[in-house]
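To start, the structure itself, in structure tokens.
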Amino acid sequence: MADLDKMQVRFWGVRGSLACPGPNTVRYGGNTSCVEVRCGEDLFVFDAGTGLRGLGGALAAEKRPIHADIFCSHTHYDHICGVAFFAPCFNPANSLTFWAGHLPPGTTIREVLTGSLSEPYLPNLLDVISAHLEFEDFEGGDSFSPKPGITIRTAPLNHPGGATGYRLEWRDKSIAYITDTEHRPDMLDENVLGLIEGVDLMIYDATYTEAEYVVHAGWGHSTWQEAVRLAEKASVRKLALYHHDPTHSDAILDAIAAELDEAKANAVIAQEGMVISL
Ligand SMILES: [Zn+2]
Ligand SMILES: [Zn+2]
């Protein structure tokens, strides 16, 4: 049983862009973006990539109604493709609220997500999804309180088609969830700094190394070196590198971990199954 006085963060998918199971990704994991956050009894989920399937299995095993707020960084495939395989969708006792703040005016998260759950992408799953679904649109920069005692702050990120960064605060604990975003080489991103100031845990898009970034400028992702710079500037307590590139094998991520140790950054490489209690 989880400690209800702690904020508990569990990584169900840490990979970016495409799921990549196989012998080279056994330890860090191959599922795409999905992070579960428990604040007491309240359940929050950041992104609905393939990692969401594992979370769904764990929740179904609890055999009690699920009420979850699911915050979408954005709606690229790797961040939403788990919804159709999320067991709590298929139980009428459950209610799920999907939040998004990256869509252009006139487009809603309801139409984007329900479209993705329909032909020609998938069979028409809305005919069989029995959970109560709600959809909430907001604008990057908005703050809101999805549950009593919870504050969510948001900011727009630098990503093709837009993405949203989040900061979640509960009691004296805070985390920031920042993916997918591209830094600007000459300056730290003010939107990101505004969200991460003093957080207990910052989860950050570290798709590339600085050397790899050179040939991927404009693709909408950042580096572990930028994560370290941001974390230092904003007095972040702990950094979790996230959204690993599919080409980053366990060996490559181990090598990055060794460099992090050398840099004496208080940082970990997010790993499927990793739990951080705050
Ligand atoms: Zn992504
Ligand atoms: Zn993306």
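Quick one: putting +1 on the C-beta of Lys and Arg, -1 on the C-beta of Asp and Glu, what dipole do you get for region 7-277 around its Cα centre, in Debye to the nearest 20?
Dipole of region 7-277, to the nearest 20 debye: 720 debye.
Between GLU111 and GLU262, the modelled labels are 5.1 nm apart [label points 7 Å from Cα along Cα→Cβ]. Couplings 3J(HN,Hα) of region 81-94, computed from phi: 6, x, 4, 5, 10, 9, 3, x, 5, 10, 9, x, 6, 9 Hz, in residue order, whole Hz [Karplus 6.51 cos²θ - 1.76 cosθ + 1.60, θ = phi - 60°; x for Gly and Pro].
Using helices alone, what [θ] at 222 nm do you get for the chain, with -39,500 (n - 2.57) per DSSP H run of 4 or more residues, divided over all residues and rounded to the nearest 500?
Numbers: 7 runs with 58 residues, N = 278.
For the chain, the value works out to -5500 deg cm²/dmol.
Pop the C-beta distance of LEU18 and ASN91 into the FRET formula with R0 = 41 Å and round what comes out to the nearest 0.05. The pair LEU18/ASN91 has a calculated efficiency of 0.90. Using a simple spin-label model with points 7 Å from Cα along the Cα→Cβ vector, what separation in nm is obtained for GLU62 and ASP3? Each label point is offset 7 Å from its Cα along the Cβ direction, giving 1.8 nm. With N counted as the residues of region 133-278, its alpha-carbon radius of gyration over 2.2 N^0.38 Å works out to 1.04. Against the chain, whose longest principal axis is taken from its Cα atoms, helix 224-233 shows a tilt of about 90°. Treating each Cα of region 237-278 as an identical point scatterer and summing with the Debye formula, the log10 of I(q)/I(0) at q = 0.20, 0.22, 0.29, 0.31 Å⁻¹ comes to -0.65, -0.78, -1.16, -1.23.
To test your reading of the geometry: what angle, between 0 and 90 degrees and rounded to tens, separates the Cα axis of helix 51-62 from the longest principal axis of the chain? With both axes taken from Cα atoms, the answer is about 50 degrees.
Local charge for ARG229 was computed over the other residues whose Cβ lies under 11 Å away, with Lys and Arg +1 and Asp and Glu -1, and equals -3. Looking at the chain, the DSSP beta bridges with both ends there are about 50 percent antiparallel. Computed over region 7-277, the quotient of the alpha carbon radius of gyration and 2.2 N^0.38 Å is 0.94. Of LEU278, PRO156, TYR204, which is farthest towards the positive pole of the chain's charge dipole, taken about the Cα centre with +1 and -1 on the beta-carbons of Lys, Arg and Asp, Glu respectively? After comparing all options, I get LEU278. Bridgeable lysines around LYS63 (alpha carbons under 26 Å apart, same-chain partners fewer than 8 residues away excluded): LYS6, LYS147. Give the residue from CYS89, GLY115, ALA19 lying farthest towards the positive end of the charge dipole for region 7-277; charges sit on Cβ (+1 for Lys and Arg, -1 for Asp and Glu) and the dipole is referred to the Cα centre. Going by the Cα projections, it comes out as CYS89. Pairwise Cα separations in region 24-89 fall into 10 Å bins from 0 onward with the following percentages, short to long: 22, 53, 23, 2. With each label modelled as a point 7 angstrom along the Cα→C-beta vector, the GLU119-ASP186 pair spans 5.3 nm. Could you pull out the GluC sites (Glu not before Pro) across region 187-237 that fall in loop regions by DSSP (anything but H, G, I, E, B) with no more than 16 other Cβ atoms inside 10 Å? Loop-located and lightly packed - GLU197. Largest GNM mean-square fluctuation across ILE70, ILE175, ILE129, computed for the chain with C-alpha springs under 10 Å, falls on ILE129. Taking the inverse of the mean reciprocal distance over all distinct Cα pairs, the Kirkwood hydrodynamic radius of region 118-180 comes to 14.2 Å.
Coordinate-derived values only; no laboratory data. Just so you know, these numbers come straight off a predicted model, no measurement behind them. Cβ: placed from backbone, ideal geometry, glycine included. Neighbour counts: every protein chain shown.
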